[in-house]
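Would you mind keeping the following structure in view while I ask a few things?
The values are calculated or read from the model by the stated rules, or taken from the named source; none is laboratory data. Nothing here was measured: the structure is a model prediction, and the numbers come from that model. Quick reminder, even Gly has a Cβ in these numbers, built from the backbone with ideal geometry, and neighbours come from all protein chains shown.
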Amino acid sequence: MRIDKLILLCWFAIGCSSNEYIDNRPMIDFIDSLNTSEVITEVETDSIGNILDTLSVTYVKYDDKNCKRFTKKTYWYKGRKSSWIDYFKPDKNLFYRESFNEKGETNSVFETKSNFKGKIEKAIQINTEGDQIDTTLMDYSHIFYSNGNIKELQIKSFHEEVGELVIKINYDEYEKPLSEVMVLKKDTTSFQIWEYLDTILEKSIYTNYLRDTSKSIYYFEKGELLIDEEEFNLKNGDFIKSKEINHFYNDVSIRTKTIETNSMTKAKRYIKFLVEK
């Protein structure tokens with residue numbers, strides 16, 4: 001059975017009729033009709049800029065309002081090739097993702113369903129491995145401010161092997177995220193906060209509690225450009241920095257270079273982004 005037919009059957013099974021939710025197909029068809037706006041090739045270099053290896057290639061499409069609507073990324077890791085495609089709404093929210101193995105076969109699909117006010121109410125995740133098909137359904141619930149913006153979003157899903165997963169995100173009155181907590185079988189697995197200065201995003205802190213506890217801190221410029229990252233591992237009750245990542249941009253805010261530094265060995269990794277329009 002083709003996986004796109006499987007998605008339709010799953011949606012019909014949970015009552016997702018066209019009278020209740022926006023049909024994603026016309027939006028996908030419109031995005032498919034757009035021309036590729038730019039191609040970004042990610043390469044690893046030495047310290048003086050000589051190319052050592054190609055890490056990924058990304059095709060990007062923008063609409064006439066310069067909103068990113070589509071990406072197709074192919075990357076290579078340890079000799080293996082993988083790829084995925086993402087479709088975005090005008091509000092930048094992802095509504096469809098499909099990933100492929102090195103043979104070009106679909107190995108996962110994610111799709112959301114929105115009501116006619118544009119709010120996501122349901123989503124489905126389908127993973128395939130050989131003849132095995134694994135499906136997870138997600139329900140979205142919202143609490144709103146008096147101005148109509150989302151105050152709290154809760155996403156619930158259940159998997160026979162994993163159990164119940166709950167994600168809760170709190171927003172300010174401008175619908176900017178303040179905090180996010182992920183709980184699996186009543187155990188907190190991750191927690192993230194966002195910090196602003198006069199509504200401009202400055203920093204975000206993400207803590208992962210699965211297996212070995214770790215923490216990542218992200219620093220932003222102009223509210224959207226990720227400029228620095230710090231990664232920490234918990235050791236003897238203290239967070240010890242393990243890696244620092246610095247990102248560099250040109251005058252039109254396109255990322256041109258990334259430098260990763262191992263905080264223990266001081267070894268550096270250099271990554272360059274080549275943009276073709």
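Here are the criteria: (1) farther than 30 Å from LYS185 by Cβ; (2) surrounded by 15 or more Cβ atoms within 10 Å (Cβ to Cβ); (3) in contact with a Ser or Thr (Cβ under 9 Å, 6 or more places away or on another chain). Tell me which single one GLU231 does not satisfy.
All conditions are met except number (1).
Looking at (1) touching a strand residue (DSSP E or B) at 6+ places or on another chain (Cβ under 9 Å); (2) exposed (fewer than 15 other Cβ atoms within 10 Å of the Cβ); (3) within 21 Å of GLU180 (Cβ to Cβ); (4) not small (Gly, Ala, Ser), which is the one condition that is false for THR199?
Result: THR199 passes all but (1).
Looking for whichever is within 27 Å of LYS168 (Cα to Cα) and in contact with a Leu (Cβ under 7 Å, 6 or more places away or on another chain) here; the options are PHE95, PHE110, PHE88. Which one fits?
PHE88
Turning to a different aspect of this structure: Looking at VAL181, VAL252, VAL275, which is the one that is closer than 28 Å to LEU153 by Cβ and either assigned to a strand (DSSP E or B) or not assigned by TED's automatic domain parsing to the domain that holds ASP46 (or both)?
Result of the check over VAL181, VAL252, VAL275: VAL181.
For ILE167, only one of the following conditions fails: (1) closer than 22 Å to SER99 by Cα; (2) hydrophobic (A, V, I, L, M, F, W, C); (3) at pLDDT 95 or above. What is its number?
Among (1) closer than 22 Å to SER99 by Cα; (2) hydrophobic (A, V, I, L, M, F, W, C); (3) at pLDDT 95 or above, ILE167 violates only (1).
Do we have GLY148 as at positive phi, modelled with pLDDT under 90 and loosely packed, with under 14 Cβ neighbours inside 10 Å here?
In short, no.
Residue by residue through region 126-173, note down the ones that are in the same structural domain as ASN101 (by TED's automatic domain parsing) and acidic (Asp, Glu).
If the condition is that a residue be in the same structural domain as ASN101 (by TED's automatic domain parsing) and acidic (Asp, Glu), then GLU129, ASP131, ASP134, ASP139 are the ones that fit.
Give me the residue from region 202-219 that is farther than 22 Å from ASN246 by Cβ and of a type outside the set (A, V, I, L, M, F, W, C) and, out of that set, surrounded by the most Cβ atoms within 10 Å (Cβ to Cβ).
TYR209
Can you spot a residue in region 19-40 that is modelled with pLDDT under 50 and basic (Lys, Arg)?
no
Which condition breaks for GLU121 when tested against (1) out of contact with any Ser or Thr (no Cβ under 9 Å at 6 or more places or on another chain); (2) farther than 30 Å from THR54 by Cα; (3) acidic (Asp, Glu)?
(1)
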